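Asker: Right, I'll just put the structure down here and ask away after.
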Amino acid sequence: SILQTMNKQIIMPIVLHHDKSADYTFSLLLNMGGVALSVYNASWHNTPFTISFNNALRMFMKQDHYTHVMVMNNDISLTSEEFWAINERVGGRQGIFSASCNSPHPEVMSPEGNGGTRLVDWLEFVSPVFSKDVVQDVGYLDEQMTLGWGIDIDYCYRAKQQGYTCTLLQNIQ
């Protein structure tokens with residue numbers, strides 16, 4: 001049940017607010033009611049996307065009680081029920097995870113069949129979940145890629161070189 005899972009929150013969710021309006025962020029926070037989460041506001045800090053993403057990862061690495069982090073774009077749609085389902089599916093596993101999403105890259109991010117998980121070459125960083133081990137071993141995103149385009153492919157490649165997997169979590173509802 002959701003109450004049982006709430007006592008075992010292993011994922012630290014961080015909303016990456018990266019636009020001038022708070023509308024998307026506010027809507028996401030409402031949908032995620034009951035989930036302990038943080039917001040990193042890139043607009044206030046005036047930092048490019050990749051640096052903001054890394055700063056969110058740095059926030060996570062200072063936490064002792066979470067084993068995973070989910071860095072969410074503020075314009076996604078995610079409910080607390082979906083978050084708890086992802087939290088439960090990830091469990092204590094290492095690697096990089098993401099729920100399937102409406103993506104222009106269907107070969108990577110769209111559900112295929114009825115399976116619960118699928119290994120993929122890379123994941124879009126719309127709301128990726130990283131284990132702490134990945135961040136410790138692989139490091140941070142390449143800050144020379146300031147706009148964020150290609151950071152997901154690059155990071156997943158580096159993680160796979162270190163022996164980690166990229167897992168698409170399907171059918172989370």
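The values are calculated or read from the model by the stated rules, or taken from the named source; none is laboratory data. Just so it is clear, the structure is predicted and the values come from calculations on it, not from any experiment. Note that we place each Cβ from the backbone using ideal geometry, even for glycine, and neighbour counts take in every protein chain shown. To get the accessible areas, we keep the full protein, side chains included, count just its heavy atoms, and leave off ligands, DNA and RNA. Shrake-Rupley method; radii C 1.70, N 1.55, O 1.52, S 1.80 Å.
Asker: Looking at (1) at pLDDT below 95; (2) under 25 Å from Lys8 (Cβ atoms), which is the one condition that is false for Asp137?
Answerer: The one condition Asp137 does not meet is (1).
Asker: Give the residues of segment 85-99 that are open to solvent by less than 10 Å² (accessible area, probe 1.4 Å) and either in a loop (DSSP other than H, G, I, E, B) or farther than 19 Å from Met32 by Cβ (or both), sorted by residue number. Give the derivation first.
Answerer: Narrowing segment 85-99 to residues open to solvent by less than 10 Å² (accessible area, probe 1.4 Å): 86-87, 90, 95-98.
Result: Gly95, Ile96.
Asker: Separate question: If I go through segment 131-157 residue by residue, how many of them are touching a Gly at 6+ places or on another chain (Cβ under 7 Å) and among the basic types (Lys, Arg)?
Answerer: 0
Asker: Search segment 150-165 for residues being at pLDDT 95 or above and not in a helix (DSSP H, G or I), and hand back the single one that is least open to solvent (accessible area, probe 1.4 Å).
Answerer: Going through the qualifying residues, I end up with Tyr164.
Asker: Then there's this: I need a count of the residues in segment 124-144 that are in contact with a helix residue (DSSP H, G or I) (Cβ under 6 Å, 6 or more places away or on another chain), open to solvent by less than 50 Å² (accessible area, probe 1.4 Å) and under 26 Å from Tyr24 (Cα atoms).
Answerer: So the count comes out to 4.
Asker: Something else now. In this structure, does Ser77 turn out to be under 12 Å from Ser127 (Cβ atoms), of a type outside the set (A, V, I, L, M) and surrounded by fewer than 17 Cβ atoms within 10 Å (Cβ to Cβ)?
Answerer: Spelling it out, Ser77 is indeed under 12 Å from Ser127 (Cβ atoms), of a type outside the set (A, V, I, L, M) and surrounded by fewer than 17 Cβ atoms within 10 Å (Cβ to Cβ).
Asker: In segment 15-34, what residues are part of a helix (DSSP H, G or I) and open to solvent by 50 Å² or more (accessible area, probe 1.4 Å)?
Answerer: Taking segment 15-34 as the starting set, the residues that turn out to be part of a helix (DSSP H, G or I) are 23-31.
Selection gives Asp23, Tyr24, Phe26, Ser27, Leu29, Leu30, Asn31.
Asker: Among the residues of segment 63-84, is there at least one that is touching a residue at least 60 places away in the same chain (Cβ under 8 Å), touching an Asp or Glu at 6+ places or on another chain (Cβ under 9 Å) and assigned to a loop (DSSP other than H, G, I, E, B)?
Answerer: yes
Asker: Further, regarding this structure: Quick check on segment 142-149. Is at least one of its residues outside any helix (DSSP H, G or I) and of a type in the set (A, V, I, L, M)?
Answerer: Yes: one or more hits.
Quick grid of which residues meet (1) at pLDDT 85 or above; (2) assigned to a strand (DSSP E or B); (3) open to solvent by less than 40 Å² (accessible area, probe 1.4 Å):
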| position | (1), (2), (3) |
| --- | --- |
| Gln4 | no, no, no |
| Met12 | yes, yes, yes |
| Ala36 | no, no, no |
| Tyr40 | no, yes, yes |
| Ser43 | no, no, yes |
| Ala56 | yes, no, yes |
| Phe60 | yes, no, yes |
